[in-house]
1. Could you compute the net charge surrounding Gly209? Neighbours are other residues with a C-beta less than 10 Å from the C-beta of Gly209; K and R count +1, D and E count -1.
2. Tell me the relative contact order for the chain as a rounded percent, counting alpha carbon contacts under 8 Å between residues six or more apart.
3. Rounded to the nearest 0.05, what FRET efficiency is calculated for Thr113 and Glu318 with R0 set to 51 Å and r the Cβ-Cβ distance?
4. Classify region 9-95: rounded, prolate or oblate, from the alpha-carbon gyration tensor (a ≥ b ≥ c, eigenvalue square roots; a/c under 1.5 rounded; otherwise prolate if a/b is larger than b/c)?
5. When a/c is below 1.5 the answer is rounded, else prolate if a/b is larger than b/c, else oblate, so apply that to region 237-295 with a ≥ b ≥ c taken from the square roots of the Cα gyration tensor eigenvalues.
6. Give me the distance between the Cα centres of region 276-348 and region 8-57, rounded to whole Å.
7. How do the peptides 240-250, 266-276, 107-117 rank, highest first, by the average count of neighbouring beta carbon atoms within 10 Å per residue?
8. Residues with beta-carbon under 13 Å from that of Cys332, excluding Cys332: net charge, scoring Lys, Arg +1 and Asp, Glu -1?
Amino acid sequence: MTSSPLDELDSKVSELLVAIAALDSLDALREAEPGIIGKRSILSTLQKSLGALVSEDRSEAGARLQRARHEVEQTFEARRALLARDARRQGLEKDRLELGDVVVDNVRWAPTTGHPGIIAVTQGQLEDVFVAMGFSVSEGPEVESDWYNFEALNIPPAHPARGMWDTFYVDLGDPETVVLRTHTSPTQIHLMEDAVRAESLPLHAVMPGRCYRRDSPDSRHLATFHQIEGLVVDRGIGFADLAGVIETFTRSYFGPDTSSRLRPAFFPFTEPSAEFEITCTICKGSGCRTCSQTGWIELGGCGVLDPAVLHAVGIDAEEWSGFAFGFGIDRCAQMRHQISDMRALTENDVRFLERFS
Ligand code: PHE
């Protein structure tokens, strides 16, 4: 029997497979590649030697060689995938952050999971109370034009009532035309405009969000604070409906022991207007630093919508009427949790934050 160049093919293939299994890194694999599956490999050399065979032997040998090459290539690629996966794992392992206990001054701090802050929690609770009463929840922008923050709310330019809100202006467009909203009331205007456009009145909505005033922080005020605005536009709505909603809200949020009162006040966009107060929960009404010795804490303002506001957004004040209110979310949290100084909300003292985890 004449010898064929492929006599030793099987043992060559076995050698190659053993060599592949021994490759222990991507670098080693890259280095070995030309010798195993490239031009310099034993399989390529055998391929060339097939030319010497007579044609019928050649096609059979070619097919055999082809199968062997396929097997070696598949094994090589599988090895490459495995080594690449290991390299990726090792990389991740190396980048891993050790988040175990930290020891500072001999005190061991165990890692804890974060939790929503007290304002976010309070906002959610307030929304729940109003949703249960049939209100929907909407949000509006924090940067507003003068029209939304003031003019549409019946506060014309240079009107003395603007002094009620110490305003931060945004350096955009003409001077003093763009503001950081000083209250959530501009969101009322957006909602009414949308409802007019969609012909979807009546409206029953609350609108929570962040507001800004150039106030000096003290035990009851922050320059950045949160309000929840309420708005009802419907047929035959009056002050009694407003008083009923506020009473229901106080009872469900603060419990039956907290007294509330409405005191006559002035807002350009409501008439009549009132301030809404509850007994100070820190001194239970006897007077303390937080309530400036009055025994009462103001939560916000409210009133029956002034027809001028309905007119500004194109709602017929003969057919529709309504009321609005705006409460401080931070104040609600302060009273519910007896936080004697509001500035604690921004100080990030872990002992304070952990009280609400
Ligand atoms: N926007 C008023 C304020 O922040 C509160 C308010 C809202 C009063 C709605 C009446 C009606 O001072």
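1. -1
2. 14
3. E(calc), rounded to 0.05, equals 0.35.
4. Since a/c reaches 1.5 and a/b is larger than b/c, the shape of region 9-95 is classed as prolate.
5. Here region 237-295 falls in the oblate category.
6. What the calculation gives is 83 Å, centre to centre.
7. For the peptides 240-250, 266-276, 107-117, the packing ranking is 266-276, 240-250, 107-117.
8. Net local charge, Cys332 excluded: -2.
The values are calculated or read from the model by the stated rules, or taken from the named source; none is laboratory data. Treat the numbers as computed from the prediction; the structure is a model and nothing was measured. Note that we place each Cβ from the backbone using ideal geometry, even for glycine, and neighbour counts take in every protein chain shown. With ligands, DNA and RNA removed, areas are computed over all heavy atoms of the protein, side chains included. Shrake-Rupley method; radii C 1.70, N 1.55, O 1.52, S 1.80 Å.
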